[in-house]
Amino acid sequence: MRKNNFGLIILSLIFPQNGRFFCEKFLIVRAEEQKDKKEKPNKKLKRAIESIGMDYSRVKNIKNLSDWSSGKRYSFVYDGFRYIVYELGNGEIESVNTDVKRAKIYERGYKPLNYKDFEPDANVVEPLQTDAIERLSKYIKGETSIKSKIGSMMYSRIYDYYSISGDVKAKNAVNKKDFTFSVDYIVKDGGYECVYLAIDGAVAFGSDQTPELPKEELGQENSSKNAESIILSDGKEGKYGQYDSFDGEPYLRYHVPVGNYKVKCNIRGGFYIETIELHKEDGWDTATTIQQINMSEGEETEIVIEDGQCISLIINTEIELIKQ
């Protein structure tokens, strides 16, 4: 047995066969080398996780999930709770989300939130679970308790808003044999109030009062080292973003200054150069498309923005405009 310069162990085995001796060699990767390779941190994920208050060393069970339209998707476990990560094709982290409600604790381009405001408190969940079971028992004929018929329960939290969801396997359920449920509560001042109960997606009581998350942009248009450049990122208003009304619905477009620009694509996708002024087409508000440009990450091109024109980004696209 000997070790070569690549951290491998070469193991030679000599054994007899039909009166002759044969030698077999096997390459064995050292266990510590494999361990280091597996545990090599994803620096961009580490930054995103630490920005929401988590300790990256306590992250467990990072697993790949099916890809989404713009890149990889994977999950991890922290303090016993599962989180979902959306990554872009260039390796940037688009968002870190809670598992059940998909609340974006981290979202690229926005001020990160603190995970502690989204992690359910076990002391709070216990009485809520008891209350939820009692409420669900009303939907089972002839039974005072359905605890034994409830499958796994999932818990989510957004600040003071808690949700319990799961499914019930009950042969004598009203209308259906089995059903899913979601029960929501507002928890305040040591007490709680049930505000919503849904059975198989249909409202049985109250209304969904899931709070909107605060979103504070990080000022991406100033993030480039080039003082003459503008960064436009889909969904981020920034300095030049403006919500124009299309048939009464707001639509984000970018009214950048007139001029010649060199365009670098940071995140794959594309964009339209179109008229700011709208017209009716088949009864709908429509802009006139001047040019459509599809780009891959790192690709560059040149454009001209004239008076009365703006830019509309394709979903998830990020581009950098450099004034010429």
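The values are calculated or read from the model by the stated rules, or taken from the named source; none is laboratory data. Not measured: the values here are computed from a predicted model. Every residue, glycine among them, receives a Cβ derived from its backbone with ideal geometry; neighbour counts consider all protein chains shown. SASA here: full protein model, heavy atoms, side chains in, ligands and nucleic acids out. Shrake-Rupley method; radii C 1.70, N 1.55, O 1.52, S 1.80 Å.
Restrict the check to segment 308-316 and report whether at least one residue is touching a residue at least 24 places away in the same chain (Cβ under 8 Å), surrounded by 14 or more Cβ atoms within 10 Å (Cβ to Cβ) and small (G, A, S). Within segment 308-316 (the criterion being touching a residue at least 24 places away in the same chain (Cβ under 8 Å), surrounded by 14 or more Cβ atoms within 10 Å (Cβ to Cβ) and small (G, A, S)), the answer is yes, since at least one residue qualifies.
Any residue at all in segment 273-286 that is within 20 Å of E92 (Cα to Cα) and not basic (K, R)?
If we filter segment 273-286 for residues that are within 20 Å of E92 (Cα to Cα), which is where we start, we get none.
Scanning segment 273-286, I find no residue that is within 20 Å of E92 (Cα to Cα) and not basic (K, R), so the answer is no.
Looking across segment 70-85, the residues that are open to solvent by less than 50 Å² (accessible area, probe 1.4 Å) and either free of Cβ contacts under 8 Å to residues at least 24 places away in the same chain or not aliphatic (A, V, I, L, M) (or both) come down to S70, G71, R73, Y74, S75, F76, V77, Y78, Y83, I84. When residues in segment 283-295 are screened for being within 27 Å of the chain's Cα centre (by Cα) and open to solvent by 70 Å² or more (accessible area, probe 1.4 Å), 1 of them pass. All conditions but one from (1) at pLDDT below 90; (2) surrounded by fewer than 14 Cβ atoms within 10 Å (Cβ to Cβ) apply to N42; the one that does not is (2). The lone criterion from (1) assigned to a strand (DSSP E or B); (2) open to solvent by less than 10 Å² (accessible area, probe 1.4 Å); (3) closer than 20 Å to I267 by Cα; (4) of a type outside the set (K, R) left unmet by D67 is number (2). Step by step: first the residues of segment 240-282, then only those that are part of a loop (DSSP other than H, G, I, E, B) and of a type in the set (D, E, K, R), then the one that is surrounded by the fewest Cβ atoms within 10 Å (Cβ to Cβ). Which residue is that? Ranking the qualifying residues of segment 240-282, first place goes to D282. Scan segment 187-210 for residues that are open to solvent by 50 Å² or more (accessible area, probe 1.4 Å), touching a residue at least 12 places away in the same chain (Cβ under 8 Å), of a type outside the set (S, T, N, Q) and farther than 17 Å from I133 by Cβ and jot them down. Result: K188, D200, G201, D208. When segment 283-316 is filtered for residues that are at pLDDT 90 or above and not in a strand (DSSP E or B), the ones remaining, listed by number, are G283, E299, E306, D307, G308, I314.
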